[in-house]
Amino acid sequence: MCGIVGYMGHQNSNQILLDGLKDLEYRGYDSAGIALLEDGKINVFKAVGKIKNLEDKINNSTFDTKNSTFSIGIGHTRWATHGKPTELNAHPHSGAYSYVVHNGIIENYKEIKAELETHGHKFVSQTDTEVIVHLFEFYFNQIKDAAKAFKQTIQRLEGAYSILLITKSEPNKIFFMKHGSPLAVAYGNNTGEILFASSDSPLIGLASNVVYLEDGVYGIASTNGLIFSQDVKWDILPNSKQFAQKDGFRFFMEKEIYEQQDVVTDSMLGRIADKQINFDELDDTLMDGINEIRICACGTSYHAGLTASYLFERLSKIRCSIEIASEFRYKDPLLTKDTLFIVISQSGETADTLEALKMAKNAGLKTIVVCNVDNSSMTRIAHSTILTRAGIEKGVASTKAFSTQTVVLWMMALYFAKIRKTITDDKLQEEIRILREVPNSLKVENEVHEKCRRLSKRYLHGHGFFFIGRDVFFPLALEGALKLKEISYLHAEGYPAGEMKHGPIALADPELFTIALMPQHLHYEKIKSNVEELSARDSTICAISPLRFDLADDFINTKKTDHYMLEFFEMLVVLQLLSMEISVRLGNDVDMPRNLAKSVTVE
Ligand code: M6R
């Protein structure tokens, strides 16, 4: 969690750091800060809330970097883990000699703090991060050498972290370390420039080549260039930020909903050819000796995985289970080598999913990650990576990541079915035909968007929402409820429709809103009975279906298609739009909902 940036060079470093932090704001926005070292003088600015608050604070100060010839700076946007979001707890943290920004968690900070307190160190914040500058001070006082003091400091730290540290004693250097949390470094396009960021988006346009640091790598950036503790691999940076702009939409989330038809097409490119499903990323022998698939993920990615578990069993005829990564990790799971282990993650950095992947790999299982971010931690660990090609997803509420994950997983189910000979050629051709129709089902129709906008007025109050569905429409119901919760802050639950009568139906009254997913091509009569039961008990019903349902208080008419998976994507768009419009009506921040961050790199 959190985002860090660093810069040294001849440009206005203040603005470069602020722009970089804005790119990373989706990782956390409880507070932000920067430290700039110019001509031996250090300026620190911190503000609670979004980067804009920090920018205003700097603009309202007398500070001016425009005339400086060379400067060094580090910046941070925070998602609080230890200590409240206050200026005191915001980064950079400062000690007698150094300033630090940190992404991740120092697990042994209490022990270090207690030890340093016996040596007279006084701590002012509630954070784990502050121990870094005190440790540095402790060692620097003994050896008077910044590089050695930094090395001794990082050797004491346990946990997952990336760090940038600047010192007063050697003001032309940035010390850095990566262990468990992402950190990238690049030479800038202008002479003498070096840039750091916890993901590559702040570097795009400012540099051409990048090093995504491996765990355990540390080093020094100075006017002489970069020194690394071990050999590193240079990669080419993407050169376009166009994905990261809103393209005239009100929110990134809205843009990303509208983009789904295109990115899903991209995710199929080259993978459907010659009337077959191909995954060049997968080995032909992958399924040899495999009797079971186990999936692990969190949040929306978990919902894509749950959807896939139906498809793997239905199409590939292989036993498939799915678990929430944070539960999986601590249940002493039985891992046998006849299991193919699949993790799903938009970011590739989610701490719990990453750990689950490491556990499976260490147990000798074959592992695959379905991921949207190349060069992310998970892609570097898994045996195989299937990229979802959704482009940068900025909205905290995941949308296009889910649709691309689901399509890719569906294609994998067909690929495995073919290898395992559990699908006839005719059936495969039929599924491919349907897959090709998915972009059309994801296309946002004006009338549907307008209907969601109008309905959002009605569904603002009440004591809760139940999203109900059966089969793959159950995970879709979970996803609809999660979308609503995270951006509207209204209570919502996703439930298997047939399970309502085993308890939740007791809640039914006009103030209970039921969002019913009623596909024509999968158990229509069954879901219809479940909704009738709720309607008979006065729950307010909003039915989403291609078929008119007279008992519904409100009805969102999706296009008629000839397959339940196409209905799935038609309904997905409705759920995304409905939650977005409710959030807008409530005046919430759609792209950066409270208490959340885009990438959850703490457990
Ligand atoms: O990057 P990941 O897919 O691993 O992230 C998992 C969840 O944190 C994520 O899906 C989260 O639930 C989203 N905010 C949902 O919209």
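The values are calculated or read from the model by the stated rules, or taken from the named source; none is laboratory data. Just so it is clear, the model here is predicted, and its values are computed rather than measured. Cβ sites come from the backbone with ideal geometry, for glycine too, and all protein chains shown count toward neighbours. For the accessible areas, the whole protein counts, side chains as well, though only heavy atoms, and no ligand, DNA or RNA atoms are used. Shrake-Rupley method; radii C 1.70, N 1.55, O 1.52, S 1.80 Å.
Brief remarks on what is shown
- Sorted peptide list for 32-39, 49-56, criterion being average Cβ within 10 angstrom, highest first: 32-39, 49-56
- Principal axis extents of the Cα atoms in the stretch 444-603, from largest to smallest and rounded to whole angstrom, are 41, 35, 33.
- Heavy atoms of residue 537 accessible to a 1.4 Å probe, total area in Å² rounded to 10: 120
- Average accessible surface area per residue within the chain, 1.4 Å rolling probe, Å²: 39
- Counting only residues at least eight positions apart within a chain, or on another chain, the aspartates and glutamates with an alpha carbon under 18 Å from that of residue 418 are 274, 280, 281, 283, 284, 288, 292, 313, 426, 430, 431.
- Unit charges at the beta carbon, dipole of the stretch 446-585: most positive-side option, 565, 546, 579: 579
- Heavy-atom accessible surface of residue 234, to the nearest 10 Å², is about 100 Å², with a 1.4 Å probe and all protein chains retained.
- A simple charge model with +1 on the Cβ of Lys and Arg, -1 on the Cβ of Asp and Glu and nothing else charged puts the dipole of the stretch 3-245 at about 280 debye relative to its Cα centre.
- Each Lys and Arg contributes +1 and each Asp and Glu -1, all at the Cβ; summed about the Cα centre of the stretch 129-213, the dipole is approximately 220 debye.
- q = 0.11 Å⁻¹: log10 I(q)/I(0) that the Debye formula gives for the stretch 403-516, counting C-alpha atoms only: -0.53
- A simple charge model with +1 on the Cβ of Lys and Arg, -1 on the Cβ of Asp and Glu and nothing else charged puts the dipole of the chain at about 400 debye relative to its Cα centre.
- Of the listed residues 145, 591, the order by accessible area with a 1.4 Å probe, largest first, is 145, 591.
- Here the relative contact order of the chain, from alpha carbon pairs under 8 Å that lie six or more residues apart, stands at 11 percent.
- Per the Cα gyration tensor, the stretch 140-193 maps to an equivalent ellipsoid with semi-axes of 22, 18, 6 Å, ordered largest to smallest.
- Size-normalised alpha-carbon gyration radius of the stretch 432-471, reference 2.2 N^0.38 Å: 1.68
- Mean projection area, nm², convex hull over Cα of the stretch 134-233: 6.4
- Whole-number Å³ per residue for the convex hull built on Cα positions in the chain: 160
- Percent carbon-and-sulfur accessible area, the stretch 522-603, ignoring ligands, DNA and RNA, probe 1.4 Å: 44
- Normalised by residue number, the volume inside the convex hull of the Cα atoms of the stretch 252-433 is 103 Å³ per residue.
- The stretch 292-358-the stretch 529-551 distance, computed between alpha-carbon centres (Å): 33
- Dividing the C-alpha radius of gyration of the stretch 205-330 by 2.2 N^0.38 Å, with N its residue count, gives 1.51.
- Secondary structure note: in the stretch 3-245, about 95% of the DSSP beta bridges are antiparallel.
- Among 412-418, 357-363, 302-308, the order from most to least packed when residues are scored by Cβ within 10 Å on average: 302-308, 412-418, 357-363
- To put it simply, the accessible area of the stretch 3-245 at a 1.4 Å probe is 48 percent carbon and sulfur.
- Subset of 52/598; 366/528; 113/148 violating a 30 Å alpha-carbon distance limit: 366/528
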